[in-house]
Amino acid sequence: MIQSFMTGIVFHGEVADDPDKWAKWLEFATDVICELQCKPTHIGIESESMHSGKVLQLNRARKRVLRVLESRESVSWLTVLSLPSGFRTASFDYYAFASRDCGNGFVVLVAGQHAFGGVVINNIVASLRQHIEPTYGEVFTMDRQENPLFYAARVNPSNAYKTVHVLQTL
């Protein structure tokens, strides 16, 4: 079986529930996914009025999300994804995703290892750091089947992930 390894950049710390910062996150997440040569196609959000248990098509939901942010609603998390057409499961079929989460206190960007090839990773790290008051960060690789989002959210202890490899502590 061929393993599909992903590269992630994660910061843990204080994530402010500030509508202006959420709007900047939406712009950053969309732009950085494009910078990685992927097309942002879907969005997930949890706010007072939006509880997208499933990802929504970005082109259809963007205005609604912007209205939520403009109304200054509290937002728990917001994720922008690049998914293939006809995807089956967003958590495994993505090309890239960027997520910001107040409740679990992290920001993360994950993409295939090839996506970071032509990109200066230090620039992305510096930009990602602007969306959190970080206490810890790292660049890591792991098999997508072990769910890098769960690793970033610290759902399980790090030793529960067999394929994770920390490349750099930030």
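The values are calculated or read from the model by the stated rules, or taken from the named source; none is laboratory data. Keep in mind it's a predicted model, so treat the numbers as computed, not measured. No Cβ is skipped: glycine too gets one built from the backbone with ideal geometry, and neighbour counts run over all protein chains shown.
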- Check on residue 114, touching a Lys or Arg at 6+ places or on another chain (Cβ under 7 Å) and either surrounded by fewer than 21 Cβ atoms within 10 Å (Cβ to Cβ) or of a type outside the set (Phe, Trp, Tyr) (or both): no
- Would you mind listing the strands (runs of 3 or more DSSP E) fully within the stretch 1-98 where at least 3 residues are within 20 Å of residue 137 (Cβ to Cβ)? 5-14, 75-82
- Message: Looking at the stretch 52-87 only, could you name the residues that are within 17 Å of the chain's Cα centre (by Cα), closer than 20 Å to residue 102 by Cβ and exposed (fewer than 13 other Cβ atoms within 10 Å of the Cβ)?
- Response: 53
- Message: Restricting to the stretch 35-60, and then to whatever is free of Cβ contacts under 8 Å to residues at least 40 places away in the same chain and of a type in the set (A, V, I, L, M), can you tell me which residue is farthest from residue 125 (Cα to Cα)?
- Response: 50
- Could you list, in sequence order, the residues of the stretch 124-158 that are out of contact with any His (no Cβ under 9 Å at 6 or more places or on another chain), closer than 21 Å to residue 18 by Cβ and either at pLDDT below 95 or not hydroxyl-bearing (Ser, Thr, Tyr) (or both)? 126, 128, 129, 130, 131, 133, 153
- Message: Consider the stretch 146-163. How many of its residues are loosely packed, with under 15 Cβ neighbours inside 10 Å and in a helix (DSSP H, G or I)?
- Response: 4
- Message: Among the residues of the stretch 124-139, are any of a type in the set (Phe, Trp, Tyr) and either surrounded by 16 or more Cβ atoms within 10 Å (Cβ to Cβ) or at positive phi (or both)?
- Response: no
- Item | Hey, residue 91 surrounded by 12 or more Cβ atoms within 10 Å (Cβ to Cβ) and in contact (Cβ under 8 Å) with a residue 40 or more places away in the chain or not | yes
- Query: Quick one: residue 113 ticks every box in (1) within 17 Å of residue 164 (Cβ to Cβ); (2) modelled with pLDDT of 95 or more bar one, so which box is it?
  - Reply: (2)
- In the stretch 131-168, what residues are polar (S, T, N, Q) and under 10 Å from residue 11 (Cα atoms)? 135
- Task: Tally the residues that are modelled with pLDDT under 95 and loosely packed, with under 14 Cβ neighbours inside 10 Å, restricting the search to the stretch 1-14.
- Result: 4
- Item | Single unsatisfied condition, residue 39 versus (1) at pLDDT below 95; (2) surrounded by fewer than 19 Cβ atoms within 10 Å (Cβ to Cβ) | (1)
- Quick one: residue 121 ticks every box in (1) β-branched (Val, Ile, Thr); (2) within 15 Å of residue 8 (Cβ to Cβ); (3) modelled with pLDDT of 95 or more bar one, so which box is it? (3)
- Only listed residue being of a type in the set (Asp, Glu) and either in contact with a Ser or Thr (Cβ under 7 Å, 6 or more places away or on another chain) or buried (at least 20 other Cβ atoms within 10 Å of the Cβ) (or both), chosen from 17, 31: 17
- Message: Just to check your reading of the model, which residue among 71, 47 is at pLDDT 90 or above and within 25 Å of residue 154 (Cβ to Cβ)?
- Response: 47
